[in-house]
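What follows is one structure encoded as structure tokens, with my remarks underneath.
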Amino acid sequence: MILIATAGKVGSEAARLLAQQDAPVRVLVRDPDKATVLAQLGVDVAEGDLDDVTSIDAAMQGVTAVVLVSPAVPAQELSLIDSAARARVGHVVKITSKASADSPIARQRGQAEIEAGLLGSGLDYTLLRNNFYMQNFLMLAPAIAQTSSFGAAAGDGQVGFVDTRDVAAVAAEIAAAPAGHAGATYLLTGPQLLSYADVAAALSKVLGRPIAFHTRTREQDKQEMIDAGLPRELADMNAHAVSLIADDDAAWLSQDVPSVLGRPARSFAQFATDHVAAFAPER
Ligand SMILES: NC(=O)c1ccc[n+]([C@@H]2O[C@H](COP(=O)([O-])OP(=O)(O)OC[C@H]3O[C@@H](n4cnc5c(N)ncnc54)[C@H](OP(=O)(O)O)[C@@H]3O)[C@@H](O)[C@H]2O)c1
């Protein structure tokens with residue numbers, strides 16, 4: 001049985017792919033009503049909460065591999081790692097990012113703390129160190145649909161955006177057949193480096209109407225995120241992370257998606273084509 005820690009973007013797609021291959025797979029979710037589609041596909045839906053160790057231990061019964069993906073709150077992921085160690089799970093695939101203990105971004109410091117806990121647990125593991133997700137643009141999609149424009153403090157910086165469906169496919173592949181991946185760190189990116197202006201050009205081409213990108217300040221980004229309902233601290237952290245793109249902090253690519261999956265990583269054009277309805281103006 002493969003346990004997937006949560007059923008967000010990466011977790012739900014990894015669960016879907018594993019169920020499609022008839023691999024026994026379970027997701028831990030706070031609200032089973034949000035996982036009815038997965039349940040219909042044969043995924044075992046375990047109700048629980050990453051803040052509730054008893055529910056984690058219950059979900060860990062009979063588990064041979066874990067996909068550790070969640071908002072990456074250190075206390076929560078470290079308690080899941082402890083539970084996996086108690087249950088002598090064979091392998092943990094950890095979804096992470098550009099983690100480092102001295103990063104200016106709290107989330108990256110938290111990821112480094114979780115990685116250190118995983119490495120110290122004695123469990124076999126694989127780290128999936130992912131670049132920014134293409135799917136982040138789905139949060140901007142309603143505004144793009146309305147205004148045919150978007151802004152960010154990313155300047156001319158380039159990003160090796162990766163499609164979360166490819167992250168999920170790599171996680172599912174390794175969780176189902178971990179041999180040869182123990183101790184490895186894979187850098188997951190798409191096939192191209194793109195600036196936000198390049199993203200606007202790609203969207204314009206796929207959507208068949210001009211989409212403009214305008215550079216903003218970090219403060220403006222933060223305020224827009226607060227206006228969209230994000231807590232102030234999270235908005236500050238996210239705006240700071242986006243502003244680092246301007247210094248080419250995310251300008252890295254790798255061939256790890258094709259080398260694990262044996263097929264090319266999805267391009268941004270493919271992502272945009274598959275989500276064209278989300279960016280379409282309401283009629
Ligand atoms: N976004 C990026 O560009 C990017 C880039 C690289 C790496 N990453 C990493 O990717 C990971 C996030 O993956 P994702 O984008 O697939 O996640 P996501 O779509 O944001 O989903 C998070 C899931 O966690 C669930 N959850 C939250 N708190 C929980 C709790 N206490 N107990 C149980 N479930 C809980 C949420 O469920 P509810 O529906 O109940 O809220 C949701 O399903 C993080 O480690 C992040 O650092 C992100």
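The values are calculated or read from the model by the stated rules, or taken from the named source; none is laboratory data. Quick caveat: nothing in here was measured; it's all calculated off a predicted structure. Neighbour counts run over all protein chains shown; Cβ positions are idealised from the backbone, glycine included. Accessible surface areas use protein heavy atoms only, side chains included; no ligands, DNA or RNA. Shrake-Rupley method; radii C 1.70, N 1.55, O 1.52, S 1.80 Å.
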When the C-alpha atoms of the stretch 147-203 are aligned to their principal axes, what extent does each axis show, in angstrom, from largest down?
47, 20, 17
List the chymotrypsin sites (Phe, Trp or Tyr not before Pro) within the stretch 205-283 that DSSP assigns to loop and that have no more than 16 neighbouring Cβ atoms inside 10 Å.
TRP252
If you take every DSSP beta bridge whose two residues both sit in the chain, what share of them, in percent to the nearest 5, is antiparallel?
5 percent
Report, in degrees rounded to the nearest 10, the 0 to 90 angle that the Cα long axis of helix 196-207 makes with the longest principal axis of the chain.
90 degrees
Once all Cα-Cα distances of the stretch 2-123 are split into 5 Å bins that start at 0, what whole-number percent is in each one?
2, 12, 23, 24, 19, 12, 6, 2, 0
On each of the three principal axes of the Cα atoms of the stretch 215-259, give max minus min coordinate, whole Å, ordered largest first.
41, 19, 15
Taking Cα atoms of the stretch 144-252, Rg/Rh with Kirkwood Rh, to two decimals?
1.06
C-alpha center-to-center spacing [the stretch 19-41, the stretch 61-84] in angstrom:
17 Å
Cα-centred dipole magnitude for the stretch 2-123, charges only on beta-carbon of K, R (+1) and D, E (-1), debye, nearest 20:
340 debye
Return the sequence-ordered ³J(HN,Hα) values of the stretch 86-96 in whole Hz as given by the Karplus equation 6.51 cos²θ - 1.76 cosθ + 1.60 applied to θ = phi - 60°, using x for Gly and Pro.
4, 8, 6, 5, x, 7, 10, 9, 9, 7, 9
Local net charge near VAL25, Cβ-Cβ under 15 Å (Lys/Arg +1, Asp/Glu -1):
-2
Cβ-defined net charge surrounding VAL167, 10 Å radius [Lys, Arg +1; Asp, Glu -1]
-1
For the stretch 97-112, 3J(HN,Hα) per residue [Karplus equation, 6.51 cos²θ - 1.76 cosθ + 1.60, θ = phi - 60°, Hz, x = Gly/Pro]
9, 6, 6, 7, 5, 10, 5, x, 9, 4, 4, 6, 5, x, 4, 5
With θ taken as phi - 60° and the coefficients 6.51, -1.76 and 1.60, list the Karplus ³J(HN,Hα) couplings across the stretch 57-65 in order, rounded to whole Hz; mark glycine and proline as x.
4, 5, 5, 7, 4, x, 8, 9, 8
Using Cα positions and a limit of under 18 Å, work out the lysines in reach of LYS94, with same-chain residues fewer than 8 apart set aside.
LYS9
Counting only protein heavy atoms with a 1.4 Å probe and every protein chain in place, the carbon and sulfur fraction of the accessible surface of the stretch 2-123 in whole percent equals 50 percent
How far is it, in nm, from the label point at ALA280 to the one at ALA197 when both lie 7 Å from their Cα along the line to the Cβ?
3.1 nm
Excluding ligands, DNA and RNA, what is the solvent-accessible area per residue of the chain at a probe of 1.4 Å, expressed in Å²?
46 Å²
So what is the relative contact order for the chain, in percent, with contacts set as C-alpha pairs under 8 Å and at least six apart?
18 percent
Placing +1 on each Lys and Arg Cβ and -1 on each Asp and Glu Cβ in the stretch 55-126, then taking the dipole about the Cα centre, the residue among SER55, LEU80, GLN111 whose Cα reaches farthest towards the positive end is GLN111
Contour minus end-to-end for ASP33 and ASP227, with contour as 0.36 nm per residue of separation and end-to-end as the Cα-Cα distance?
67.0 nm
So, over other residues within a Cβ distance under 12 Å of GLN223, counting Lys, Arg +1 and Asp, Glu -1, the net charge is -1
Limiting things to C-alpha atoms, what are the Rg and the maximum Cα-Cα separation (Dmax) for the chain, in angstroms?
18.9, 56
Can you list the residues, at least 5 places off or on another chain, whose amide H is less than 5 Å from the amide H of SER195, using H built in the peptide plane?
VAL159
What is the spin-label model distance, in nm, from ASP49 to VAL73 if the labels are put 7 Å beyond Cα along the C-beta direction?
0.9 nm
